[in-house]
Amino acid sequence: MPLYLCRWPNGDCSFVWATTKGEAVELLDETANAEGCPLTRVQDFMVHFRLTDTGQLEFEEYGEVTEDALFGTAYPVLDKALLDAPRDEQSGQPTADGVEMIRAAVDQERERVKPKKVAEPQTELGRRIKSQTDAPTRIIDRTVRKVGKEKLEQFRGHGKPH
């Protein structure tokens, strides 16, 4: 099953396993509506968490290939700033100018990605539901079809059928 990277417009990112991009959007709806957000298939993925003394898992690091792919794909402006930022010769940490360069890149990344226009639900009822819930169109259309089918199957008209 493919792993997808979702790059949210605010700069956040999520990973999800799904059979298709449509299914990925549905699964990501647990966080927010991912319709129109860039979804990229990820080939290599490794992440390491550290178990704390209080029983929590804390992010420790990405695998090298994962980090390169993540920043190169989802954060190209920040990736360049992290590489180009001036650093202190002894500590290797960014200088004050380097920190400012990185902060500016983060601000650019938070503004860089804009959601693409997505298809509207197929029915007026679906469009009303979407305006109230902001659920993905795919979920709304499927739900409206399912409920409509159930209602039609239960319908018992008056008189003879034509």
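Nothing in this text is a laboratory measurement; each read-out follows from the coordinates by a stated rule. Note that the coordinates shown come from a computational prediction; the quantities given were computed from them, not determined experimentally. Every residue, glycine among them, receives a Cβ derived from its backbone with ideal geometry; neighbour counts consider all protein chains shown.
The table that follows gives values for the structure above.
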{"item": "Unsatisfied cross-links (Cα-Cα over 22 Å) in the set K114/K146; K21/K114; K21/K117; K117/K149", "result": "K114/K146; K117/K149"}
{"item": "Amide H contacts of V47 (H built 1.01 Å from N, under 5 Å, at least 5 apart or other chain)", "result": "G63"}
{"item": "Ranking of S14, S91 by count of other Cβ atoms within 10 Å, fewest first", "result": "S91, S14"}
{"item": "Length-normalised contact order for the chain - Cα pairs under 8 Å, 6+ apart - percent", "result": "21"}
{"item": "Which of C13, C37 has the fewest Cβ neighbours within 10 Å, and the rest in rising order", "result": "C13, C37"}
{"item": "Difference of contour (0.36 nm per residue) and Cα-Cα distance, E111 to R87", "result": "6.1 nm"}
{"item": "Convex hull of Cα atoms in segment 17-86, direction-averaged projection (nm²)", "result": "6.9"}
{"item": "Simple spin-label estimate for M46 and T19 in nanometres, 7 Å along Cα-Cβ", "result": "3.0"}
{"item": "Which of W8, W17 has the fewest Cβ neighbours within 10 Å, and the rest in rising order", "result": "W17, W8"}
{"item": "Residue among Q93, A18, V113 farthest towards the positive dipole end of the chain, charges placed on Cβ", "result": "A18"}
{"item": "Gap separating the Cα centres of segment 2-42 and segment 52-81, nearest whole Å", "result": "17"}
{"item": "Local electrostatic count at E61 - Lys and Arg +1, Asp and Glu -1, tallied over other residues with Cβ under 10 Å", "result": "-2"}
{"item": "Radius of gyration, Dmax [the chain; alpha carbons; angstrom]", "result": "22.7, 90"}
{"item": "Within straight-line cross-link reach of K130, aspartates and glutamates at Cα separation under 18 Å, skipping those fewer than 8 residues along the same chain", "result": "E23, E26, D29, E30, E35, E120, D141"}
{"item": "Folded to 0 to 90 degrees: helix 64-74 orientation relative to the chain principal axis, Cα", "result": "60"}
